[in-house]
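Input: a single structure, listed below in structure tokens.
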Amino acid sequence: MNELNKSALVAFRQTEHHAQLASRVNEDNPNHHLWNNRGTWWCHFTIHRPDYTSERVRVSLKTRDVELARARRDELLDTLSA
């Protein structure tokens, strides 16, 4: 697991045991959960906790390449959904 995934997993694991990743995927938009901030791609998603609170998480994908950003986003969301 790379450093990118570790930072997101820390945020996810700091939540209670039954936290869930909220992830809606728009199949028509290949850049779902992505945004470009001054050339660097970021991934954003929401974690819902059992106590009905939520946390928005933003993770830098540390790339300027949209194809690589999509691959890193997919890996990250797959890791968190497991």
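Numbers at a glance
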| quantity | calculated |
| --- | --- |
| Every pair of residues 6+ apart whose Cβ atoms lie under 7 Å, when the first sits in region 34-61 and is within 15 Å of SER81 (Cα to Cα) while the second is among the hydroxyl-bearing types (Ser, Thr, Tyr) | PHE45/SER23; THR46/SER54; ILE47/THR15; ILE47/SER54; HIS48/SER54; ARG49/THR15 |
| Members of region 45-57 that are more than 18 Å from PRO30 (Cα to Cα) and surrounded by 12 or more Cβ atoms within 10 Å (Cβ to Cβ) | THR46, ILE47, HIS48, ARG49, SER54, GLU55, VAL57 |
| Complete set of residues in region 36-82 that are of a type in the set (Phe, Trp, Tyr), within 11 Å of the chain's Cα centre (by Cα) and modelled with pLDDT of 95 or more | TRP42 |
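The values are calculated or read from the model by the stated rules, or taken from the named source; none is laboratory data. Not measured: the values here are computed from a predicted model. Every residue, glycine as well, gets a Cβ built from its backbone with ideal geometry; the counts of neighbours run over all protein chains shown.
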